[in-house]
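Report on the following structure.
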Amino acid sequence: MAASRFRYLAPVAIVVVAAALAGGCQHYVDQPLSPDQTAAQLLGRTLTAPDLQKFLQVNLGRDFSEWPPKSWDFETLNWVALYYNPALQVARAQWAGARGSIVTGAERPNPSVNFSPGYDFNPAVGTISPWFLGGSFDLPIETAGKREKRISQAQWVAEAARQNVFVAAWQVRSDLRQALIELDATGQRAQLVLLQVATQQRVVDLLQERFNAGAIAADEISTARLALVKAQSDAGAAERALGLARSHLSAALGVPASALEGQNFSSTQVTPARNFTREQLDAARRVSLQTRADVQAALATYQASQAALQLEIAKQYPDVHLGSGYLYDLGENKWDLSLGVELPIFNHNEGPVAEAAAARQEAGAQLLATQARIIAQIDAAAAASAAATGAVDDLQKANAELQQHLDRVRAQTEAGAADQLDNQTALLDLDASQLALLDAQTQAASAAGQLEDALQVPFANLTAVQNDPHSPATPPSHE
């Protein structure tokens, strides 16, 4: 009778355990990707999408009653880039993956159940049944706080991934700023070069009149014609550069070039060149060396390596296994308890401990290397910004002098003391000076942007920079 009962109980027990194991399982959901669909999504992005309007209203706190706006400024476009740019989406996905590792670190080891039925081919005479049924249960218990250390390590890894999102966001801002500077500079250059072509054409026409009158030699007009050809070539190059600049802007925003058609982009809000006192720059440098996203990411990586080393040290202490077993043996019910531990005889986890210690040392060196790179970036950017600003000042003075010279020549022309050729020659000199000034202003704007990138503090916020260091980073709770 007992054997018959256990023959029925065994399948039932197996079914119950299987159902318990399957109850908490997640199921795979297929999410196929089609290159045609993803490409269509990218090509369908616009600056007039209603979802983009809602995103900007929430994050900028502005009511875009007129959509799209008549002119896109830098800060608004920065949020457009944060909405569309795929590099930021990749960083967010990596952060999500790192947060998933916290769940993995918090998992406790599952108990195990073992069933071992058997059959006695030589049973004793009078045995109730030759069948016997055995089973065991094992519950692993982690020691030395291994689970807490795994969670701490995963939290710091997730924090490093979160800071990398900010690193990616700042790179998006940097690329956008440079694209706007390039677009503005190429647009102004195209206009200035066209003015230069018109002026050079008038010079050639005036010299042609003199040549026809026999007043000058042929080589004089040939030189002017060569200058005209070069100016026309520069105009074509400027027009091509303008198209390339628009493509760079579309790439920075994460939209196709067609999305920029009919849109007006203002460069007035792009980071202006500014001179800072040494005290302001030193205060900003101290804050940047502690609060820049890449510094915080390196610090979080170091803290993760600390937790990893603590975990490997904790693994020197073996886990405990509590067990229980049951055996139905030829009509007899037998039950036992067990306690098991791993014996650290052949090794004490020395290898993984040494690897984790070396990884911590490397992470500390990476933090120092990151801060050293930041110091070099700030110093180089500050020097370049100061030099570019000085060059702009010098060229502005030269430009003002050439403008005064042109005014004098025009006055002399009206008085009959100079002719139109003198007037156009002075205008050519001013055109060349304005092109040089534009180049210097573009370099100054780029240098100012590089300084802002090195500090990772918008210039508008530098007045709020404090000399006191921020408190050390702590891992956020993701549980």
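Computed quantities for the displayed model
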quantity: Residue, nearest to the chain's Cα centre (by Cα), within segment 388-397, restricted to residues that are surrounded by 14 or more Cβ atoms within 10 Å (Cβ to Cβ) and small (Gly, Ala, Ser); calculated: ALA388
quantity: Subset of segment 405-427 [touching a residue at least 12 places away in the same chain (Cβ under 8 Å) and among the hydrophobic types (A, V, I, L, M, F, W, C)]; calculated: LEU406, VAL409, LEU421, ALA426, LEU427
quantity: Count of segment 55-84 residues which are among the charged types (D, E, K, R) and closer than 23 Å to GLN171 by Cβ; calculated: 2
quantity: Within segment 50-94, tally of residues that are in a loop (DSSP other than H, G, I, E, B) and within 22 Å of GLY449 (Cβ to Cβ); calculated: 3
quantity: Extreme residue, farthest from the chain's Cα centre (by Cα), among residues of segment 28-54 that are β-branched (Val, Ile, Thr) and either under 20 Å from ARG173 (Cα atoms) or surrounded by 10 or more Cβ atoms within 10 Å (Cβ to Cβ) (or both); calculated: THR48
quantity: Segment 291-346, subset closer than 30 Å to SER136 by Cα and among the hydroxyl-bearing types (Ser, Thr, Tyr), residue surrounded by the most Cβ atoms within 10 Å (Cβ to Cβ); calculated: TYR328
quantity: Sole residue being among the polar types (S, T, N, Q) and either in contact with a Lys or Arg (Cβ under 7 Å, 6 or more places away or on another chain) or surrounded by fewer than 18 Cβ atoms within 10 Å (Cβ to Cβ) (or both), chosen from GLN420, GLN443; calculated: GLN420
quantity: So GLN232, is it under 24 Å from ALA369 (Cα atoms), in a helix (DSSP H, G or I), polar (S, T, N, Q) and out of contact with any Lys or Arg (no Cβ under 6 Å at 6 or more places or on another chain); calculated: no
quantity: Extreme residue, modelled with the highest pLDDT, among residues of segment 321-347 that are within 30 Å of ASN122 (Cα to Cα) and part of a loop (DSSP other than H, G, I, E, B); calculated: GLY331
quantity: Residue within segment 363-383 that is surrounded by 16 or more Cβ atoms within 10 Å (Cβ to Cβ), farther than 25 Å from GLN441 by Cβ and either small (Gly, Ala, Ser) or free of Cβ contacts under 8 Å to residues at least 24 places away in the same chain (or both) present; calculated: yes
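Residue by residue, here is whether (1) buried (at least 17 other Cβ atoms within 10 Å of the Cβ); (2) within 23 Å of the chain's Cα centre (by Cα); (3) in a helix (DSSP H, G or I) holds:
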residue	(1), (2), (3)
LEU180	yes, yes, yes
LEU183	yes, yes, yes
GLN200	yes, no, yes
ASP205	no, no, yes
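The values are calculated or read from the model by the stated rules, or taken from the named source; none is laboratory data. Keep in mind that what you see is a predicted model, and the values were worked out from it rather than measured. In this analysis, Cβ positions are derived from the backbone assuming ideal geometry, glycine residues included, and neighbour counts consider all displayed protein chains.
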